[in-house]
Amino acid sequence: SFQPDYVLRITGETISVACRTRASAVVNETAPGPTVYLRENQTTWVRVYNDLNKDNATIHWHGLSQSVAPYSDGTPQASQWPIREAQHFFDYELRPQIGEAGTYFYHSHVAFQAVSAAGPLIVLEADGEHPYDYDEERMLFFSELYNNTDDTIQDGLTLPYAQFLWSGEAETILVNGNGFPVLPDNETGATLPPQKAQSIGSTSCGPEIIQVEPNKTYRFRAIGGVAMSPFVFAFENHDNLTVIAADAGYTNPASTDYILMGAGQRYDFLLHTKTEEELRNLGKSEFWVPIEPRCPDLNNTFYAVLRYTTPGIHINTTTDISSPPPQSPVHIPYDCQYWLEYTLEPLTPNDFPTADQVTRQVIMTSAQLNTASGSFWTISNHTWNEFNQHEGDTPYNDTSLTHDTPYLVSVYEQGERAIPDFENAVQNYNGWDPELNVYPAEIGEIIDIILVNEPNGVAGGFDTHPWHFHGAHFYDLGSGPGSYNATANEEKLRGYNPIVRDTSLLFKYTEGFEIGAGLDYTSQGWRAWRVRVTDPGIWIIHCHILQHMIMGMQAVWVMGNATEITHGTTPDLVEGYLTYGGNAYGNS
Ligand code: C2O
Ligand code: CU
């Protein structure tokens, strides 16, 4: 009988984080959840149980193209029905293709659950050979701790809309689930870290200790599992980092002394550790790893620790890690808009399509919209999410799944009616089908998607948005302030081979920015993607800030026609798959 390769159970637990407790959705009782390993060109089945007692759930395999199993992408109401609460399960079919080896993560795609129901996902090379040499690997899974519960945050952002109760900022950024203690909220001013942190009272709560040995090369896999803020991090006294992969794609080696990442992004980098002699000269064997939110800057520093374990040799450290240092030992630049832009190139040339191959351009504008009926984060003035948007609905535990909002599932279940009107969308609506609230695309198209950061209408201010595309990845054409100018950008791209990735940052730009200057120093900007439409399926695009997603900053792309999307399978098969996964038709 069928045996899944992995079983992941999503449960609600009270977890202990940074010396606090928080009710959270978690995978296999830990946050982050266990690391899942896949191999290129090999099918792995993951059975996911939803053991939450009232909420729906799914798991999304963030960054995997899912080209051979588009119904296993884990987007509720888009690629599948959500897994209903209480002991239902879904069998996910994962088969990474050759070339997909790299660093990913998995997370629930329902509401705010991804803040804790998430874990690392590693795709190993089919032949076990990697292009860069190193001695060992270390994982850096970044996430955030919120004082409010998921329910409070979700309800505040959705029901009733007019209130728009903000989630609050994250209390701290965690590495592999660990961080210095933070005081209960009522004992702090709103923005007083790092004083907010206090000494460690016990060893069960404290910063992540990353253990290394001297004179070795480590491959770090850094995963941006945060809910909200882009962030930077660096290693005290170690400024020799070499980026070797962005998202899951290997890049040419690029040196840097710090890493910037947004929610949903991954970077792999090499760090060569110091020799014993260097450590003795420095007089220490423990080094701070400061982590700071950026763009918007929140004026905080959080920490992990790099600790040398030196077999047989004892080096007294001058670093006291029982509490955070009074100030960060590393200055990390405040500007984040230009870090490695137009610098990273693929390790092996990709099939980057030139401008003359592009079939059309679609503009997707990011803005916060404040209307009489509430506040939304929108894409070109439209919203989409997995639950109904009508006031009075109880979206997170709504298992009736009414079809008020258009989504993928209707392609299978409603036949003709659900086929987007491609011509109308392209000719009259900048690629958007107003009837179904989707962006249709034909297989073989090459589309430039221009993400624009600009306020409009009765709008809120700018923000930095980490944009993520499911399914086919994009060639990242770069970014800049002001308005996008195709001719000028093509000029910049001459002789440069852009990398393919799945998440990149749409910045807000700062003029004369100084730390603490407040939030009104922003101006508009853009990021451009080139997408080769190859894989039929229903793929969503969204800002990876969970708060923005919940407020509607998502859109559905329908790639291919209904026949292509269903891969010629029967409606029964498809419907069973959408409900139970690829290997479990008929269970309930
Ligand atoms: Cu990380 Cu739509 O997901
Ligand atoms: Cu956003």
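With the requirement that a residue be surrounded by fewer than 19 Cβ atoms within 10 Å (Cβ to Cβ) and within 15 Å of Trp61 (Cβ to Cβ), what does region 123-145 give you? The answer is Leu124, and nothing else.
Which of the following residues is under 22 Å from the mean Cα position of the chain (by Cα) and either within 16 Å of ligand 2 (Cβ to nearest atom) or modelled with pLDDT of 95 or more (or both): Glu29, Glu40?
Exactly one residue qualifies, and that residue is Glu40.
Scanning region 462-477 for residues that are more than 12 Å from ligand 2 (Cβ to nearest atom) and at pLDDT below 95 yields Gly471, Ala472, His473.
Restricting region 534-547 to residues that are more than 20 Å from Leu436 (Cα to Cα) and more than 12 Å from ligand 1 (Cβ to nearest atom), which is surrounded by the most Cβ atoms within 10 Å (Cβ to Cβ)?
At the first step, the residues of region 534-547 found to be more than 20 Å from Leu436 (Cα to Cα) are 534-535, 543-547.
Next cut, more than 12 Å from ligand 1 (Cβ to nearest atom) only: 534-535, 547.
On the way: Thr534: 15, Asp535: 19, Gln547: 21.
Among them, the one singled out is Gln547.
Test of understanding: among Asn252, Asn237, which residue is farther than 29 Å from Pro181 by Cβ, modelled with pLDDT of 95 or more and not assigned by TED's automatic domain parsing to the domain that holds Leu506? Please lay out each step first, then the result.
On the way: Asn237 fails: farther than 29 Å from Pro181 by Cβ.
Being farther than 29 Å from Pro181 by Cβ, modelled with pLDDT of 95 or more and not assigned by TED's automatic domain parsing to the domain that holds Leu506 holds for just one of Asn252, Asn237, which is Asn252.
Of the set (1) under 25 Å from the mean Cα position of the chain (by Cα); (2) modelled with pLDDT of 90 or more; (3) not β-branched (Val, Ile, Thr), all apply to Pro481 but (2). Name, by its number, the condition in (1) within 16 Å of ligand 1 (Cβ to nearest atom); (2) outside any loop (DSSP other than H, G, I, E, B); (3) not hydroxyl-bearing (Ser, Thr, Tyr) that does not hold for Trp45. With (1) within 16 Å of ligand 1 (Cβ to nearest atom); (2) outside any loop (DSSP other than H, G, I, E, B); (3) not hydroxyl-bearing (Ser, Thr, Tyr) applied to Trp45, the lone miss is (1). Exactly one residue out of Asn148, Asn215 is assigned to a loop (DSSP other than H, G, I, E, B), at pLDDT 95 or above and surrounded by fewer than 20 Cβ atoms within 10 Å (Cβ to Cβ): that is Asn215. Restricting attention to region 100-145 and to residues that are hydrophobic (A, V, I, L, M, F, W, C) and in a loop (DSSP other than H, G, I, E, B), the residue that is modelled with the lowest pLDDT turns out to be Ala111.
Residue by residue through region 84-109, note down the ones that are away from ligand 1 (no atom under 11 Å from the Cβ), out of contact with any Ser or Thr (no Cβ under 6 Å at 6 or more places or on another chain) and in contact (Cβ under 8 Å) with a residue 60 or more places away in the chain.
Listed by number, the residues that qualify are Glu85, His88, Phe89, Phe90, Asp91, Glu100, Ala101, Gly102, Thr103.
The values are calculated or read from the model by the stated rules, or taken from the named source; none is laboratory data. The shown structure was predicted, so the numbers you read here are calculated from the model rather than taken from an experiment. Quick reminder, even Gly has a Cβ in these numbers, built from the backbone with ideal geometry, and neighbours come from all protein chains shown.
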